[in-house]
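The values are calculated or read from the model by the stated rules, or taken from the named source; none is laboratory data. Keep in mind the model is a prediction, meaning the values are calculated, not measured. Neighbour counts are summed over all protein chains in view; Cβ atoms, including those assigned to glycine, are modelled from backbone coordinates with ideal geometry.
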Amino acid sequence: MGVEVSTRHGHLIGLFVQRALRPGRPVEESIDAIKQQGGLVIVPHPLDRLVPSLSRRRIDGLLAAGYAIDGIEIYNPSPANAAQRAVVRAANEEWGLAEIGASDAHFWQHVGVGYTHFPGETTHDLRPAIAERKVRAGGQEHPPVRLNPASYVAQCAWSWFVDPPNVRQVQIGQADQ
């Protein structure tokens with residue numbers, strides 16, 4: 001029901017979709033593909049400089065152009081997210097997107113640390129809560145288990161060199177069109 005995809009411009013999440021999205025497309029095409037499936041568009045780890053993420057300028061441009069973004073990840077336990085959380089929250093006062101909390105768990109220590117509060121208990125309750133902006137990002141009140149900095153460096157290196165939205169993915173995406 002959900003997928004994170006690497007677009008040419010950063011990661012994007014599609015919730016309530018029926019099939020995965022092709023990586024390496026422009027973010028606009030990925031948003032359209034999610035919406036064509038009746039899905040919701042969520043921007044994960046926004047403004048993050050350590051992993052492929054949408055910048056403030058890109059998000060502003062998408063919204064100004066009329067692209068329907070439903071939510072933005074306000075909370076995840078990564079150190080990069082913690083550093084940007086106040087900035088993203090302030091920007092979202094202008095954007096008015098649903099505020100999502102998630103584990104974005106690249107390490108077992110982060111599983112379940114971030115979450116989204118919503119009225120209800122099921123996915124059938126979650127979907128309208130996001131669409132109607134009745135959700136609230138949450139996270140552990142105390143910091144998660146601290147990981148060795150080398151773990152973060154290795155994860156960032158993987159993101160930059162092994163799994164970036166790179167030319168090879170773009171060429172594959174174009175060949176599939």
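Does Asp60 fit the bill of being over 16 Å from Ile130 (Cβ atoms), modelled with pLDDT of 95 or more and of a type in the set (D, E, K, R)?
Answer is yes for this residue.
Which of the residues spanning region 86-108 are loosely packed, with under 14 Cβ neighbours inside 10 Å and either in contact (Cβ under 8 Å) with a residue 12 or more places away in the chain or in contact with a helix residue (DSSP H, G or I) (Cβ under 7 Å, 6 or more places away or on another chain) (or both)?
Once the filter is applied, which keeps residues that are loosely packed, with under 14 Cβ neighbours inside 10 Å and either in contact (Cβ under 8 Å) with a residue 12 or more places away in the chain or in contact with a helix residue (DSSP H, G or I) (Cβ under 7 Å, 6 or more places away or on another chain) (or both), region 86-108 yields Val87, Gly96.
For region 36-51, state whether one or more residues are over 26 Å from Arg85 (Cβ atoms) and touching a Ser or Thr at 6+ places or on another chain (Cβ under 7 Å).
First, pick out the residues of region 36-51 that are over 26 Å from Arg85 (Cβ atoms): 36-38.
Now drop any that are not touching a Ser or Thr at 6+ places or on another chain (Cβ under 7 Å), which leaves none.
Looking through region 36-51, none of the residues is over 26 Å from Arg85 (Cβ atoms) and touching a Ser or Thr at 6+ places or on another chain (Cβ under 7 Å).
Yes or no, residue by residue, for (1) touching a Phe, Trp or Tyr at 6+ places or on another chain (Cβ under 9 Å); (2) modelled with pLDDT of 95 or more:
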| site | (1), (2) |
| --- | --- |
| Met1 | yes, no |
| Ser6 | no, no |
| Pro26 | no, yes |
| Glu29 | no, yes |
| Gly38 | yes, yes |
| Val43 | no, yes |
| Pro46 | no, no |
| Leu50 | yes, no |
| Ala64 | no, yes |
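Limited to region 76-123, what total is found for residues that are more than 30 Å from Gly66 (Cβ to Cβ), touching a Pro at 6+ places or on another chain (Cβ under 8 Å) and not in a loop (DSSP other than H, G, I, E, B)?
Adding up the residues that qualify gives 2.
Out of region 14-38, which residues are under 22 Å from Thr122 (Cα atoms), crowded, with 23+ Cβ neighbours inside 10 Å and among the β-branched types (Val, Ile, Thr)?
Within region 14-38, Ile34 is the sole residue that qualifies.
Just give me the residues in region 54-85 being under 22 Å from Gln140 (Cβ atoms), of a type outside the set (A, V, I, L, M) and in contact (Cβ under 8 Å) with a residue 12 or more places away in the chain, in sequence order.
Gly71, Glu73, Tyr75, Asn76, Pro77, Ser78, Pro79, Asn81, Gln84 - these are the residues of region 54-85 that are under 22 Å from Gln140 (Cβ atoms), of a type outside the set (A, V, I, L, M) and in contact (Cβ under 8 Å) with a residue 12 or more places away in the chain.
I'd like the full set of residues that are farther than 17 Å from Gly2 by Cβ and touching a Leu at 6+ places or on another chain (Cβ under 7 Å), limited to region 95-119.
Matches in region 95-119: Trp95, Phe107, Gln109.
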